[in-house]
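Notes follow the structure.
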Amino acid sequence: MSSDRWQTPAHEALRARPGFDLAGLDHDATPGWEGDRDQGEERMAERGEDLLALQEKLYAHGRTGGTRAVLLVLQGLDTAGKGGIVRHVVGMVDPQGVALRSFGVPTPEEREHDYLWRIRNALPRPGYLGVFDRSHYEDVLVVRVEEIVPPDVWGARYDEINAFEAEVAAAGTAIVKVALMVSPAEQALRLRERLERPDKHWKYNPGDLDVRARRPAYEEAYQAVLDRTSTDVAPWHVVPADRKWYARLAVTELLAHTLEGLDLAWPPADFDVAAELARLDAQG
């Protein structure tokens, strides 16, 4: 019996289409999914096997001169679960075909260049699954809310980002953009856990509470991102993140769907298979 309980496919149920209102999001919901947690974890395990095989095919494609790659862009407020996606979803595939990059405060060298310079340098090579834990969107989120640059500077970046992503997609990289959205109440619980458990102190930053205090401004900035940069070549998918199992399932589905859409074939042998088998048999 199939474990598929997607009433609406994840890539359709979660896509931020024109008119999407972040303020009306139910952070505890499971859009498109009609099963429970156990069924979700079963489905994720099955799709994880698909994901592994698809990513291996992508890696083989890149090793033999192919041009395709996949880029997963993860954005979200603190505690939204970006790290969990990397461990539990991306962790299901072969790490040799993964290129993970986290973007924090720009380094002195990065500040000497355009804000997209460090992003271009981190794009996945053909055959790779690239993962951005935070991304170029920090330059229209943090930069906007914290007033690091004037509005006319960050305001011009939406169109610049759209043009950049169109260029990346045209070069062969499929872009999967995921905004993980956690509720204020769940965020408070997760921050409290980090404070109360010594094994999680390393994950806590006092600045997290400063950001949390400015949540309305961040949500306004996220709404602008969804309104301005959810395009046909690089649409945003908004994932309610209060239920970790659902968020991980959803991203697994989004990645598997994207890799399936590449419709890659295994590269043909560049040698005589029959002759090599004969040589092997001759060696006894």
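The values are calculated or read from the model by the stated rules, or taken from the named source; none is laboratory data. Keep in mind the model is a prediction, meaning the values are calculated, not measured. Cβ: placed from backbone, ideal geometry, glycine included. Neighbour counts: every protein chain shown. Accessible surface is based on the protein model in full, side chains and every heavy atom, while ligands, DNA and RNA are left aside. Shrake-Rupley method; radii C 1.70, N 1.55, O 1.52, S 1.80 Å.
The residues of region 29-52 that are without any contact (Cβ under 8 Å) to a residue 60 or more places away in the chain, open to solvent by 30 Å² or more (accessible area, probe 1.4 Å) and either assigned to a loop (DSSP other than H, G, I, E, B) or of a type in the set (S, T, N, Q) (or both), listed by number, are Glu34, Asp36, Gln39.
Of all residues in region 235-284, count the ones that are of a type in the set (D, E, K, R) and in a helix (DSSP H, G or I). Final tally of qualifying residues: 7. Of all the listed residues (Ala217, Ala185), the sole one being part of a helix (DSSP H, G or I), more than 29 Å from Ala122 (Cα to Cα) and open to solvent by 20 Å² or more (accessible area, probe 1.4 Å) is Ala185.
For region 100-157, a residue qualifies if it is under 19 Å from Asp78 (Cβ atoms) and among the polar types (S, T, N, Q), and the qualifying residues are Ser102, Ser135. If you go through region 84-103 and pick out every residue that is small (Gly, Ala, Ser) and either modelled with pLDDT under 95 or assigned to a strand (DSSP E or B) (or both), you end up with 2.
Of the residues Ala234, Ala224, Ala241, Ala156, the single one that is surrounded by fewer than 13 Cβ atoms within 10 Å (Cβ to Cβ) and among the small types (Gly, Ala, Ser) is Ala156.
Residues of region 192-210 being out of contact with any Phe, Trp or Tyr (no Cβ under 7 Å at 6 or more places or on another chain) and open to solvent by less than 80 Å² (accessible area, probe 1.4 Å), which ones?
The first filter runs over region 192-210 and keeps only residues out of contact with any Phe, Trp or Tyr (no Cβ under 7 Å at 6 or more places or on another chain), leaving 192-193, 196-210.
Correct list: Glu193, Lys200, Lys203, Tyr204, Gly207, Asp208.
Scanning region 6-28 for residues that are touching a residue at least 24 places away in the same chain (Cβ under 8 Å), surrounded by 13 or more Cβ atoms within 10 Å (Cβ to Cβ) and aliphatic (A, V, I, L, M) turns up Ala10, Leu14, Ala16, Leu22, Leu25.
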